[in-house]
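A.B. asks: Below: one structure in structure tokens.
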Amino acid sequence: QVHLVESGGGLVQPGGSLRLSCAASGNIFTIDNMAWYRQAPGKERELVAIITSGGSINYADSVKGRFSISRDNSKKWLYLQMNSLKPEDTAVYYCKADTPWAYWGQGTQVTVSS
């Protein structure tokens, strides 16, 4: 069992920055890939960024050059640095951990508005 808790969301003006954190606990030694997803109102949940256990990283085209995903070697923390935020980045952001099963956090709201 893996438990994930996201934090760091909030209200920010367009062009601003936020840093999301995801704290993992439980059987963290079983975690392979970790990722950030987001879901905007009325839309499906979409992948934002993923980092594999080997350190490979991929981003959604919509966030390339603006967002940066990272994790610590202990696998206890996953981060998402979000810069140059746009109103269309408004969504609930979820942390996901892949083991033999997929675990999700409860989400953190990010609102980009003036």
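The values are calculated or read from the model by the stated rules, or taken from the named source; none is laboratory data. Being a predicted model, the structure only gives us computed values, none of them experimental. Because the Cβ atoms are built from the backbone with ideal geometry, glycine has one as well, and the counts that use them run over all protein chains shown. These accessible areas exclude ligands, DNA and RNA; they are computed on the full protein's heavy atoms, side chains included. Shrake-Rupley method; radii C 1.70, N 1.55, O 1.52, S 1.80 Å.
A.B. asks: Have a look at Pro41, Pro14, Pro87 and tell me which one the Gaussian network model of the chain (Cα, springs below 10 Å) gives the largest fluctuation.
C.D. replies: Pro41
A.B. asks: Next question, about the same structure. Within the accessible area of region 22-114, what % is carbon and sulfur when the probe is 1.4 Å and the other protein chains stay in place? Walk me through the intermediate numbers first.
C.D. replies: Values: 2350 of 4830 Å².
The computed percentage sits at 49.
A.B. asks: Among Val63, Tyr79, Val48, whose Cα projects farthest towards the positive end of the dipole of the chain, with charges put on the beta-carbon of Lys, Arg (+1) and Asp, Glu (-1)?
C.D. replies: Tyr79
A.B. asks: Got a sec? Which residues in region 57-76 would a label at Lys86 touch, if it sits 7 Å along Cα→Cβ and we count backbone N under 17 Å?
C.D. replies: Within reach of a label on Lys86, which here means backbone N under 17 Å from a point 7 Å along Cα→Cβ, region 57-76 contributes 59-68.
A.B. asks: How much area per residue is accessible in the chain when the probe is 1.4 Å and only protein heavy atoms are counted (Å²)? Don't jump to the answer; show the numbers that get you there.
C.D. replies: Working: 5980 Å² over 114 residues.
Roughly 52 Å² per residue, with all protein chains present.
A.B. asks: Where in region 1-42 does the label zone of Ala102 land, with the point 7 angstrom along Cα→C-beta and an amide N cut-off under 12 Å?
C.D. replies: In region 1-42, the label zone of Ala102 (backbone N under 12 Å from the point 7 Å along Cα→Cβ) covers 35-38.
A.B. asks: Continuing with this model, one more query. Counting Lys and Arg as +1 and Asp and Glu as -1, what is the net charge of the other residues whose Cβ lies under 12 Å from the Cβ of Ser21? Write down the numbers at each step before the final one.
C.D. replies: Numbers: positive: Arg19, Arg71, Lys76; negative: Glu6, Asp72.
So the environment of Ser21 carries a net charge of +1.
A.B. asks: Pick from Arg38, Arg66, Arg19: which is most flexible by mean-square fluctuation in a GNM of the chain where alpha carbon atoms under 10 Å apart are linked?
C.D. replies: Highest fluctuation of the listed residues: Arg66.
A.B. asks: For the chain, give the share of DSSP beta bridges that are antiparallel, in percent and rounded to the nearest 5; count only bridges with both residues there. Write down the numbers at each step before the final one.
C.D. replies: On the way: 37 of 40 bridges.
So the antiparallel bridges amount to about 90 percent of the total.
A.B. asks: For region 63-105, what size does the Cα cloud have along each of its three principal axes, sorted from largest down, in whole Å?
C.D. replies: 34, 21, 14
A.B. asks: What is the mean projected area of the alpha carbon convex hull for region 8-71, to one decimal in square nanometres? The partial results should precede the final answer.
C.D. replies: Working: hull surface 22.3 nm².
Here the figure is 5.6 nm², rounded to one decimal.
A.B. asks: Moving on to the next point. As an exercise, take the mean of 1/r over every pair of distinct alpha carbons in the chain, invert it, and state the Kirkwood radius in angstroms.
C.D. replies: Values: mean 1/r = 0.0716 Å⁻¹.
Kirkwood hydrodynamic radius for the chain: 14.0 Å.
A.B. asks: Roughly how many nanometres apart are two label points built 7 Å out from the Cα toward the Cβ at Ser70 and Ser21?
C.D. replies: According to this spin-label approximation, the distance is 1.3 nm.
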